[in-house]
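The structure appears right after this line, and notes come after that.
The values are calculated or read from the model by the stated rules, or taken from the named source; none is laboratory data. In this text, all values refer to a predicted model and were calculated from it rather than measured experimentally. Note that we place each Cβ from the backbone using ideal geometry, even for glycine, and neighbour counts take in every protein chain shown. Calculation scope for accessible area: heavy atoms of the full protein, side chains included, ligands and nucleic acids excluded. Shrake-Rupley method; radii C 1.70, N 1.55, O 1.52, S 1.80 Å.
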Amino acid sequence: MEQFELPMVALRGLAVMPNMIIHFDLSRDMSKKAIERALNADQRIFLIPQRDENEEKSTTETLFCVGTIAVVKQVSKLMNNIERVMVEGISRARLITLSENEGEFFSAFVEEIDENENVIDEIQEEAYKRTLKEVFTTYVKFYPKVGKSVGKYFEGGSSLGFLMNQILINTPFSYDKKQEILEIEDLGRQCEALVGLIMNEAQIAAIRTQLAVKVKEKIDKNQKDYILREQLEYIQDELGDNDKNSEVTQFEEAVDKLKASEEVKEKLRKEIQRFKRVMNSNSESAVERGYIETLLELPWDKASRDNNDIVRAEEILERDHYGLEKVKERIIEYLAVRTLTHKGDTPILCLVGPPGTGKTSIAKSIAEALKKKYVRICLGGVRDEAEIRGHRRTYVGAMPGRIAAGLRQAGVCNPLMLLDEIDKVSSDYKGDTQSALLEVLDNEQNSHFRDHYVELPLDLSKVLFIATANDAGKIPRPLLDRMDIIEVSSYTANEKFHIAKEHLWKKQLEVNGLNQNRLTISDNAMKYIIERYTREAGVRNLERKLGAVCRKAALEILKSEDAKGKCIKVDTKRLEKYLGKPRYNQDMANEKDDVGIVRGLAWTSVGGDTLEIEVNVMPGKGEVELTGKLGDVMKESAKTGLSYIRSIASDYNIKQEFFKEHDFHIHIPEGAVPKDGPSAGITMATAVLSAITNVPVKAKVAMTGEITLRGRVLAIGGLKEKLLAAKTAGIETVLVPSENKKDVDEIADEIKSGMEIHFVETMDEVTGYALVKNGRKTNGNKKGKS
């Protein structure tokens, strides 16, 4: 085919077909000059679409490969320097090269596609035409106007190429789809592509029609519901019971009465207006109604009047709880400061201690003493951040977080909020709950706490937060730093006795329908229950045992002949009848001094305990055996103690060969109970030294402390519980690290009475107090002061 040059216009978002008459607007100067050049020549021009209609430059890369040679029929000038051009498509042509004529207009070297060479046999052409007619008939069901324009060509015996051009001219296909078909030179393949395009568009139109029908049905139903509601409203207006009792009116009246800032009221008014607009939608109106009710029920500026009477507050705290002096002292201090300053920061307290020591119950007493509303939030097992901050309103079933819900429950902005079991909070993929609590428990930030559901800042600075925990080690450091930590230690036997006598016994009598005239218990019997039937840091099991006594006695009273006048007196002898055999035996100190047996002191989660450490030395190869389910730290302490003894062996006339020719077995009884920690270091070292030297250890001596390789004694923890266990076991002398002297000074005299406490710094002092006779050659057994 011959190549020739024609002026060219690059079209944007438009594809021109052969046999197509169309007009379009030109704004680019080069396009206008190309039209002018065509009019001055043979009126022919080459039209080709751009691949990207936003592209400004025209190059062979930015244009399609095939365009249309057209004849310019008419040019009209419009406003804003725009020209409107009408052209008629003649034939298809391939773009060969592109050139600029001195920057004035584009001209293209093109090669015309000869349609006479692109023919198929008559039978095949007829098959294509019938297929085309069939799919087009389906298509025009959805676009009837297109059918009127093209239908006449199917009946007139038009050629397949002309027929396809007319379909492309009259159908609203996108220009790039039309261009794809224009570029196919083979007539059969071109027809197949067009059939596929028409079928695809017909399917899309069918789906759109179905959707339109469904939407129309829904709209018709909404209109019907709207008309019925309007009629119902009219009837209610006629009856006179609509305006006064309508929800909107009630909400507006509640906003006017609400004690809140203007920001909150403005937000509520906007939500009420939105509620009016969505009243006809059941789902949306329910969500909006719940949100408005939540905002109205929150105590924005509504506060209760707190008690400033320090004497009354002290009386209530002393009445309800025995002990817990540090907690009571901190609350009275807060009350005193607030009375003097009339404001003062609200403290954030964290009570840390074993279970059953009254941490949760004292919060109720504090609320009563201060005349505050009491709200308890249990955080045990909470692992979703939304439990604290709330869910966003976009979620189905969204609700405020536990903090906002607690304020709503209290009804005032300054309640006492108990965060129970704060150390049991965990995290997962839904967020870090403990991090969400950082803002809640920070006095500098919680005055503008934002709940995701409420969407307005809540002032938590007036809330008195009290948290409880069993183990402060499980609380993250940033969260722990925001709270005043108050240790609630285990109760002594005397404290348990007073709690049982003054609180628990009266409570259980009332619960079981008894009184002091029907059932009494002696002091000795109550102490016996504490010592032989319970072993715990708190008093929960003790309360259960007292409840069991009351239940058994109630049954006995009802079965007796004189049920009304019968009074049961429970003493130590009758306890076995009600509670069975004693569950625990007192681990008392040995009566005689023994070799290789030393009494150690241990801390457990339920209080203190004594451990009897035994050591045996036997012929062997110098191996060390550790039994009794010891932890890694305890095993290391035993090896450290043995290394220290080997270093001073010559001072006790022990030959070094002794350690190579003998095995050492260290055992701590109650082998099923796990044991760990460094505080038994000096105890194990003393037992090993006693077994090697064959010098007895004093039976009434107990000790606790960490040992170093050089024989120094380091500080330990849990001293109150350990001394309490020593007192219970009948120990007369206790050896304690000198660094723990400050801890001993804080312990009540009730616990220390009857025991001689010595402070030790080195193993020399330990052996001086513990061994019946110190066989060391050097004069190094200087004793610490007690």
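Among the conditions (1) open to solvent by less than 90 Å² (accessible area, probe 1.4 Å); (2) at pLDDT 85 or above, residue 283 misses just one, which is (2). Among the residues of the stretch 53-74, those identified as open to solvent by less than 60 Å² (accessible area, probe 1.4 Å) and either aromatic (Phe, Trp, Tyr) or within 19 Å of residue 181 (Cα to Cα) (or both) are 62, 63, 64, 66, 67, 68, 69, 70.
Residue 483: within 42 Å of the chain's Cα centre (by Cα) and buried (at least 21 other Cβ atoms within 10 Å of the Cβ), yes or no? The answer is yes for residue 483. Taking the criterion of being charged (D, E, K, R) and in contact (Cβ under 8 Å) with a residue 40 or more places away in the chain, the residues of the stretch 41-74 that qualify are 44, 53, 73. Scanning the stretch 415-450 for residues that are assigned to a strand (DSSP E or B) and either surrounded by 20 or more Cβ atoms within 10 Å (Cβ to Cβ) or more than 19 Å from the chain's Cα centre (by Cα) (or both) gives 416, 417, 418, 419, 449.
Do we find that residue 596 is within 30 Å of residue 664 (Cα to Cα), open to solvent by less than 60 Å² (accessible area, probe 1.4 Å) and at pLDDT 90 or above in this structure? Here the answer is yes, as residue 596 does meet what is asked. From 631, 620, which residue is open to solvent by 20 Å² or more (accessible area, probe 1.4 Å) and not hydroxyl-bearing (Ser, Thr, Tyr)? Just one listed residue meets the conditions, 620. Looking across the stretch 391-409, the residues that are buried (at least 21 other Cβ atoms within 10 Å of the Cβ) and either modelled with pLDDT under 85 or in contact with a strand residue (DSSP E or B) (Cβ under 9 Å, 6 or more places away or on another chain) (or both) come down to 402, 403, 404, 407. Is the stretch 302-312 home to any residue that is among the acidic types (Asp, Glu) and either in contact with a Ser or Thr (Cβ under 8 Å, 6 or more places away or on another chain) or not in a loop (DSSP other than H, G, I, E, B) (or both)? The answer is no; no qualifying residue exists. Do you know which of the residues in the stretch 289-333 that are within 32 Å of the chain's Cα centre (by Cα) and of a type in the set (Ser, Thr, Tyr) is nearest to residue 402 (Cα to Cα)? My answer is 294. Checked against the criterion of being open to solvent by 80 Å² or more (accessible area, probe 1.4 Å), touching a strand residue (DSSP E or B) at 6+ places or on another chain (Cβ under 7 Å) and not hydrophobic (A, V, I, L, M, F, W, C), the candidates 133, 152, 77 yield just one match: 77. The residues of the stretch 509-528 that are over 26 Å from residue 585 (Cα atoms) and surrounded by 15 or more Cβ atoms within 10 Å (Cβ to Cβ), listed by number, are 509, 512, 514, 518, 519. Scan the stretch 460-479 for residues that are part of a helix (DSSP H, G or I) and surrounded by fewer than 20 Cβ atoms within 10 Å (Cβ to Cβ) and the total you get is 5. Total residues in the stretch 332-354 satisfying the condition of being β-branched (Val, Ile, Thr) and either modelled with pLDDT under 80 or assigned to a loop (DSSP other than H, G, I, E, B) (or both): the figure is 3.
The sole residue among 683, 704 that is under 16 Å from residue 635 (Cβ atoms), in contact (Cβ under 8 Å) with a residue 40 or more places away in the chain, open to solvent by less than 20 Å² (accessible area, probe 1.4 Å) and of a type in the set (S, T, N, Q) is 683. Only one of the numbered conditions (1) within 24 Å of residue 536 (Cα to Cα); (2) open to solvent by 70 Å² or more (accessible area, probe 1.4 Å) is violated by residue 657, and that is (1). Note on the stretch 739-768: residues that are part of a loop (DSSP other than H, G, I, E, B) and of a type in the set (Val, Ile, Thr) total 1. Which numbered condition trips up residue 613, out of (1) more than 20 Å from residue 737 (Cα to Cα); (2) open to solvent by less than 30 Å² (accessible area, probe 1.4 Å); (3) not acidic (Asp, Glu)? It fails just one condition, (1). Residue pairs whose Cβ atoms lie under 9 Å apart, separated by 6 or more positions or on different chains, with the first residue in the stretch 125-152 and more than 19 Å from residue 20 (Cβ to Cβ) and the second open to solvent by 70 Å² or more (accessible area, probe 1.4 Å) and not in a helix (DSSP H, G or I), are 125/119. Criterion applied to 265, 244, 270, 259 was being part of a loop (DSSP other than H, G, I, E, B), modelled with pLDDT of 80 or more and open to solvent by 30 Å² or more (accessible area, probe 1.4 Å), and the one residue passing it is 259. Residues that are in a helix (DSSP H, G or I) and touching a Ser or Thr at 6+ places or on another chain (Cβ under 6 Å) within the stretch 99-150 comprise just one, 146.
The strands (runs of 3 or more DSSP E) located wholly in the stretch 649-738 that include 1 or more residues which are over 20 Å from residue 603 (Cα atoms) and either within 51 Å of the chain's Cα centre (by Cα) or not basic (Lys, Arg) (or both) occupy 662-667. Scanning the stretch 480-537 for residues that are part of a helix (DSSP H, G or I), closer than 30 Å to residue 435 by Cβ and touching a residue at least 60 places away in the same chain (Cβ under 8 Å) yields a total of 1. Touching a residue at least 60 places away in the same chain (Cβ under 8 Å) and either surrounded by 15 or more Cβ atoms within 10 Å (Cβ to Cβ) or part of a loop (DSSP other than H, G, I, E, B) (or both): is that true of residue 455 in this structure? Spelling it out, residue 455 is indeed touching a residue at least 60 places away in the same chain (Cβ under 8 Å) and either surrounded by 15 or more Cβ atoms within 10 Å (Cβ to Cβ) or part of a loop (DSSP other than H, G, I, E, B) (or both).
When 396, 375, 382, 412 are checked against the criterion of being over 15 Å from residue 466 (Cα atoms) and either in a strand (DSSP E or B) or without any contact (Cβ under 8 Å) to a residue 24 or more places away in the chain (or both), a single residue qualifies: 396.
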